[in-house]
Amino acid sequence: MAMGPRNTELGDFLRTRRSRIEPEDVGLPGTTRRRVQGLRREELAQISGLSVDYYTRLEQGRHPTASPSVLDSLAQALRLPPAERLHLFSLARAVDPHPPYANQSHRNPSPGEEGTDQEHFQQVLGMFGSAPAVLCGPFGDILAANDAACFVYDTDFRRLPVPERNTLHWILTTSTARALYQDAWEDSATEMIGKLRIETGQFPHHSRARDLVAQLDQASPLFRRVWRQHEVSSCVQGDIKVFHHRLGGVLPLRADAVTVHSAPGQVCYVLLPLDDSFDRAFRRYSAQVAS
């Protein structure tokens, strides 16, 4: 009988990570007379809720993949940090129902942690100087925005209630967004809905994705129509946007995106002015605020 495809990389990864976990780390009695470093296969199988035979075949590469629930159990048993959990699911060519990077922006911070997060976000935005920049997490949730971004979008995103601090919620439900985009509003919103469709396809069981889709389905007729058409979009950056600003007049800007490698799932969206109209308008606004 011909053997199916093997996945030696998945097996090698599981074996090396098993070797890093000591029995005492997972509540098993330790002993000085062990012939293997780290956990034995049968021990890892036990704490993962798997049969020894099934886990052995995984580690030997005889199973090219495993179910998301099995991978989740292994990731927890092996105490994998977020990057290694992502790698495990990637090697198994499986979709993680609880992606670590998608959870980062939707959990409650631990005591003393919130200030640290905000300092990190502001450091990221500080790289762009006076250019409007918005830092987003998964599903378009807004994590931070600099003063220039709050000016050009005519919205202080930092003061919005957390459930509404989302790019799609803003463009679909506010009159401010319609006024800024004018004739380009529907196309821009449709593109963003298509990007959300791709993200929810990658993480179909994520609670934030489900809640956001339900919220927008109730709030926006355009969302309901586009969502049911299963439109998808990569939301390619580099295009020119023309904002019709109530204070700055017509503002042409080029949109671009910068991935934050130190924080998987986070992206900085930056608007680069194409002439001096934005700088002049922003300086006037800043002077008025200062006075």
Counting only other residues whose beta carbon sits under 12 Å from that of Ala184, what net charge do I get with K and R as +1, D and E as -1? -3
Using amide H atoms built in the peptide plane, which far-off residues or other-chain residues are under 5 Å from Ala144 H to H? Leu135
Let a ≥ b ≥ c be the square roots of the eigenvalues of the Cα gyration tensor of segment 33-87; is it rounded (a/c under 1.5), or, if not, prolate (a/b larger than b/c) or oblate? oblate
Once phi for every residue in segment 151-156 is put through the Karplus expression 6.51 cos²θ - 1.76 cosθ + 1.60 (θ = phi - 60°), the whole-Hz ³J(HN,Hα) values, with Gly and Pro written as x, are 5, 5, 8, 6, 8, 8
For the chain, find the longest principal axis of its Cα atoms and tell me its angle to the long axis of helix 8-18, 0 to 90°, nearest 10. 80 degrees
Can you tell me the Rg and Dmax of segment 151-234, counting just the alpha carbons, in angstroms? 12.7, 36
The base-10 log of I(q)/I(0) that the Debye equation returns for the chain at q = 0.12 Å⁻¹, one scatterer per C-alpha, is -0.86
Need one word for segment 117-179: rounded, prolate or oblate. Basis is the Cα gyration tensor (sqrt eigenvalues a ≥ b ≥ c); a/c below 1.5 gives rounded, then a/b vs b/c decides. oblate
Report the dimensions of segment 224-291 along its three principal axes from the alpha-carbon atoms, largest first, rounded to Å. 47, 35, 22
Evaluate segment 142-291: find the radius of gyration of its Cα atoms, find its Kirkwood radius, and give the ratio Rg to Rh. 0.97
Quick check on the chain: helices-only [θ] at 222 nm, where DSSP H runs of length 4 and up contribute -39,500 (n - 2.57) each and the sum goes over total residues. Nearest 500, please. -14000 deg cm²/dmol
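Every read-out reported here was derived from the displayed coordinates using simple, explicitly stated rules and does not represent laboratory data. Please read these numbers as outputs of a predicted model, since none were measured by experiment. Because the Cβ atoms are built from the backbone with ideal geometry, glycine has one as well, and the counts that use them run over all protein chains shown.
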